[in-house]
Amino acid sequence: MTLKKLKLRHYLNYMVIGTVTAVLAGMVLTGYKFDNSLLFLLEKIAISIILAVSLSLVVGFLGELSLGHAGFMCVGAYLGGKIAALLVPTLGNGPLTFLIALLAGGGAAAVCGIIIGIPALRLRGDYLAIVTLAFGEIVKSLFQNSSDETFGGSLGLNTPRYDKNYLFIFAFVLVLLTLMVVQNLMRSKHGRAITAIRDNEIAARATGTNVTKYKLLAFTLSAAFAGIAGVLYSYSNYTVQSMKFGYNYSIEILVMVVLGGMGSINGSIIAAALITFLNTKLATILTGDLAVLQNLFYALILIAIVIYNNAPALKGFRDKYNLSAFADKIRKSRNDPGHVKDDKAKWDVVPTKIEMNEILSVDLTPQDSSVTWEKGGPK
Amino acid sequence: MEIILSTLINGLSLGGIYAMIALGYTMVYGIAKMLNFAHGDIIMIGGYVIFVTMATGNPLIAIAVAVVACVILGVTIEKIAYKPLRGASPLAVLITAIGVSYLLQSLAQIIFGSAPKMVTVYDFGTIKLLGATVQISALVTLAVTVVVMVVLTLFIKYTRLGRAMIAVSEDRGAAQLMGIDVNGIITITFAIGSALAALAGLFYLLKAPSVSSTLGAMPGIKAFTAAVIGGIGSIPGAMLGGILLGMVESISYKITAIAPYTDAIEFSILIVILLVRPNGFLGKKRREKV
Amino acid sequence: MRFTKMIALTLVAVLCLGLFAGCGASGSKGYTANNTEYVIGVSGPLTGGAAMYGQAVVNSAQIAVDEINAAGGLNGIKFKLVATDDMHDATKISTNYSSLLEGGMQLSLGTVTTAPGLEFKNLSADDNVFFLTPSASGDDIPTNPNGYQMCFADGNQGKVAAEFVNANFSGQTIGAFYKADEAYSKGIYDQFKANLDSSVTVVETSFTDANATDFATQIDTLKDCGFIFMPTYYTPASLFMTQAKDIVAADAVYYGCDGFDGIDNIEGFDITTIPQSVTMLSHFNSKADSGVAKEFIDKYVSKYGKETLNQFGASAYDCVYALYGAMKAAIDAGTEIPVDISASDLCDILKAQFEGGYTFENGVTGDKITWEKTGYVNKSAIQYVIKEAN
């Protein structure tokens, strides 16, 4: 595989999302009117994607569980919405106000991310999950009980809604921005450092990785994008009511990340879009107490996926029957001698010397003599 | 004086319930090394079982059935959802536990509907105590919690099984080498924790005769807070943390200006404790090993 | 790796296609073009903790629609009621509203509860869709020109309650129990407090968690009060009463607003075991034994049982008749209302009627009901004793 191809592959998800956005935007700008339901759905999908991708940074790549993602979103929604409400009379409800609101909401959420990131440096695993959960509940409670003049209190904050015909365009531009930042980060040496912390924190520390810095970085960035999703939410609704941003919403985002495969950005995107789409569609189909069936399925899927992916007893089964093994098989049958085994760090134990030799001695000999070898390796 | 007394008793009885739930959390955390997020929802199931069995009209039968049902449920969850993940990353276990919690809530909602069910288990009435009117059920709750705590402490200190539990919590591998059935011990821990949850469900119904699918969610999280404050893994710690949290909640509701922020105050205490003293008041210090 | 990615991208593509296939993208706004009946839309909690209110509204509105249709409709054109479930959650409204609108909704009963209504009122204002809500009582609900209320606004309820207290408890201490983080409860309480005489002292206590069941501390605070104002929904109120029955004085009065409605019908809660007196402020007496109210009660109970009979339903029944009456008045005045009239055109016609002093006669929840230009209703409140002290 050449370097050029590799790059194209990395940009495919931008291209797909970008093309869809551009086509829809083009239609809107030439005067075509979409149904409200489609516009609202697109806005919701964009918000979910940003949330899922940003949470995936902490859960999938850093390997810490955050149960307060909705709390960061709440901060962004309230502060961004408030700033927008204050600015609209002077600056108008245009892109400039939107930009300022985004910066304010994202920034405020990032500050909260730093505040929560500090305990993250001391705590691990379960305790950290509980701290983030507590944070989410505190934020919700503070906004819920704010006075009517500041953040609207129990009635919720009235926010300016952006023209619904155009908001989804901005929303998807923000999705692309999120993807760009997160993907580029994860492909850089900083990203390697973050996954190294996930795989073995002590080893990462021993090899000189600045664990403190990278944990804080991941937390802050994740919170900032949750804040941006919050601002987007405030722009796609007339009121921001803090009840929405509870623990259940955080779990819903977590389901998207887990369903998409932890540590897979494309997986998160697809899962976020799919779940949001299904939620919206099912809401009009499943009525009455049947609506809970939806939650039941999510719970079952969550449990099944996590057990399947993590149970030590199923390891042999997984290695034999997963998607990439299947892909490998197909590739082998196509006689692709240039294929190098993908060596993602997914060892459950540190390999012994013998295993190490196995891994390093990737078989590069051609299986079919008809493949011609030239100078410098296979073509 | 009267106000202080009644606030104290309300705080203590609420604290008693939190302590009861926290005991379950702390034992499971200490021995299975996992945060059983679904623990709060076992309380809720216990509440529903009492609601259903109260059709017999006999509270004692209802309580017995609820305890047995919760023990079976707790052990089943452990076998199906948690056991396959023994040895997997803590993150995976935690997410599964959240999934189980979600599953129990939605199941309850599908079976019983989303409107709360009202059920009166037993009306103890009230008594006058130094001028304050006190619910007798509050005193019963407190008394039972203290008895349970003492029994559990003695059980763990002086029986073979109890000491095996300590051994498993200290070093699972070494315990196994010494011939202790680690899986068996973990199952027993879950059984005890679930039985305590059933009792907590009963106390909730004695306090307020209503059960809904979210009954256990908030108390579960608060009781975990209590367990952390007291020091996770420590039985007297769970008691101490539960009582402290109950008192804070009761006092906070008494003060009009801060009453709406009660939950926020309790969670802030949790964050501060974790920052300043991550091992709680009575917990042991642990060092992470490679 | 490339192969997995291909699969992923195919999925994305399929999903994008699904978006279009699922929703379609009609170019025009002619959603009502294929209507064969006038379509009334409503969004309410059909499940969840507030389900009793949503079901009452939908059932009662259906009774009214059926009656009108049985009598030949409006100049031969029948009505159709379409209800969606919002579980008392504002975030469900954008979906519900657009599915109603795209399903041909021409006029609306808005939402059943206040929090979702705050979203609904703006969405409907954008498209100019008329709504007359039976029970979303928030003060902000009818602020747009297209929105009207059949129930009393929260502020009004708080004010009426305060006047009652001023007249009867001057110079005394009363208690108040409300949910601090709920628009309905806090809204009424704030207005109540603002209109109270300075001579009346209030001991107030609140709660926040939606699942709160234990009110021992709050009861302890209020135990010496002879009059307790409770602007909450019936579930926490019933729990409060059960836990307080031996603690609060037996001759005390619990005074609630329309959220109390239905408290005497809760399964598992027997209001007769409460020694204290329970009174509510309402526009409908569910124990009425004469007049239109009685007729409505009989019809409702025979069809849906008495579990969900409450003033939300009565109000919804009136809403449908009020809308019918306003449309009839417009037609009588020479305006044409074709069956496929767009929501916006019908909204203008109805706005003109309601602003022009339209009077709704002989309703279940009041006679000679008129509306302010602000959308608030003008009718008299009934103070209705649900249960006397034992």
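The values are calculated or read from the model by the stated rules, or taken from the named source; none is laboratory data. These figures come from a predicted structure and were not determined experimentally. Cβ sites come from the backbone with ideal geometry, for glycine too, and all protein chains shown count toward neighbours.
Some notes on this structure:
- Test for A:Pro337: is it over 30 Å from C:Val82 (Cβ atoms) and at pLDDT 80 or above: no
- Check on B:Lys83, basic (Lys, Arg), under 27 Å from B:Val49 (Cβ atoms), within 7 Å of another protein chain (Cβ to nearest Cβ) and in contact (Cβ under 8 Å) with a residue 24 or more places away in the chain: no
- Checking B:Glu2 against (1) at pLDDT 90 or above; (2) charged (D, E, K, R); (3) closer than 30 Å to C:Lys223 by Cα, the condition it does not meet: (1)
- A:Gly227 meets each of the listed conditions (1) away from chain B (no Cβ under 14 Å); (2) crowded, with 23+ Cβ neighbours inside 10 Å; (3) closer than 22 Å to A:Leu39 by Cβ apart from (3).
Conditions (1) away from chain B (no Cβ under 11 Å); (2) modelled with pLDDT under 85, marked per residue:
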position	(1), (2)
C:Thr208	no, yes
C:Asp224	no, no
C:Ile228	yes, no
C:Ser238	no, no
C:Asp251	yes, no
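- The listed residues are B:Ala22, B:Ala38, and the only one of them that is more than 25 Å from C:Phe215 (Cβ to Cβ), among the small types (Gly, Ala, Ser) and either modelled with pLDDT of 90 or more or touching an Asp or Glu at 6+ places or on another chain (Cβ under 9 Å) (or both) turns out to be B:Ala38.
- Residue match in region C:127-143 (condition: in a helix (DSSP H, G or I) and either more than 12 Å from every other protein chain (Cβ to nearest Cβ) or within 13 Å of the chain's Cα centre (by Cα) (or both)): yes
- Residue count for region B:56-80 satisfying the condition of being of a type in the set (A, V, I, L, M) and either at the interface with chain A (Cβ under 9 Å from one of its Cβ atoms) or at positive phi (or both): 1.
- Any hit, region C:329-341, residues being modelled with pLDDT of 90 or more, assigned to a helix (DSSP H, G or I) and within 21 Å of C:Ser124 (Cβ to Cβ): yes
Here's the yes/no breakdown for (1) touching a residue at least 12 places away in the same chain (Cβ under 8 Å); (2) surrounded by fewer than 24 Cβ atoms within 10 Å (Cβ to Cβ); (3) not charged (D, E, K, R):
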| site | (1), (2), (3) |
| --- | --- |
| A:Leu232 | yes, no, yes |
| A:Val240 | yes, no, yes |
| A:Val257 | yes, no, yes |
| A:Phe277 | yes, yes, yes |
| A:Lys281 | no, yes, no |
| A:Val292 | no, yes, yes |
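- Flag if C:Cys23 is touching an Asp or Glu at 6+ places or on another chain (Cβ under 9 Å), within 7 Å of chain A (Cβ to nearest Cβ) and modelled with pLDDT under 80: yes
- Some residue of region C:39-58 being away from chain A (no Cβ under 14 Å), outside any loop (DSSP other than H, G, I, E, B), over 29 Å from C:Val339 (Cα atoms) and modelled with pLDDT under 90: yes
- B:Ala115 being within 30 Å of B:Pro59 (Cβ to Cβ), within 14 Å of chain C (Cβ to nearest Cβ) and touching a Ser or Thr at 6+ places or on another chain (Cβ under 7 Å): no
- Matching residues in region B:155-171 - criterion: being more than 17 Å from B:Gly283 (Cα to Cα) and part of a loop (DSSP other than H, G, I, E, B): B:Thr159
- Within region C:104-126, the residues that satisfy the criterion of being in contact with a strand residue (DSSP E or B) (Cβ under 6 Å, 6 or more places away or on another chain) and either assigned to a helix (DSSP H, G or I) or within 11 Å of chain A (Cβ to nearest Cβ) (or both) are C:Gly117, C:Leu118, C:Glu119, C:Phe120, C:Lys121, C:Ser124.
- Sole exception among (1) over 29 Å from A:Gly125 (Cα atoms); (2) out of contact with any Asp or Glu (no Cβ under 7 Å at 6 or more places or on another chain); (3) not acidic (Asp, Glu) for B:Gln109, by number: (2)
- Matching residues in region C:144-165 - criterion: being of a type in the set (S, T, N, Q) and at pLDDT 90 or above: C:Asn144, C:Asn146, C:Gln149
- Residue in region C:131-143 that is farther than 23 Å from C:Tyr317 by Cβ and not hydroxyl-bearing (Ser, Thr, Tyr) present: yes
Quick grid of which residues meet (1) assigned to a helix (DSSP H, G or I); (2) touching a helix residue (DSSP H, G or I) at 6+ places or on another chain (Cβ under 6 Å); (3) in the same structural domain as A:Ala52 (by TED's automatic domain parsing):
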{"residue": "A:Phe151", "(1), (2), (3)": "no, yes, yes"}
{"residue": "A:Ala171", "(1), (2), (3)": "yes, yes, yes"}
{"residue": "A:Leu185", "(1), (2), (3)": "yes, yes, yes"}
{"residue": "A:Arg192", "(1), (2), (3)": "yes, no, yes"}
{"residue": "A:Ala204", "(1), (2), (3)": "yes, yes, yes"}
{"residue": "A:Gly208", "(1), (2), (3)": "no, no, yes"}
{"residue": "A:Lys213", "(1), (2), (3)": "yes, no, yes"}
{"residue": "A:Phe225", "(1), (2), (3)": "yes, yes, yes"}
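- Meets criteria (within 14 Å of chain C (Cβ to nearest Cβ) and either among the aromatic types (Phe, Trp, Tyr) or touching a residue at least 24 places away in the same chain (Cβ under 8 Å) (or both)) for B:Leu104: no
- Scoring B:Ala195 on the criteria (1) over 13 Å from the mean Cα position of the chain (by Cα); (2) surrounded by fewer than 23 Cβ atoms within 10 Å (Cβ to Cβ) leaves a single failure, condition (1).
- Identity of the residue in region B:99-109, aliphatic (A, V, I, L, M) and in contact with a Ser or Thr (Cβ under 9 Å, 6 or more places away or on another chain), that ends up surrounded by the most Cβ atoms within 10 Å (Cβ to Cβ): B:Ala108
- Among the helices (runs of 4 or more DSSP H) confined to region B:172-231, the ones with at least 3 residues that are within 12 Å of another protein chain (Cβ to nearest Cβ) are located at B:182-207, B:217-230.
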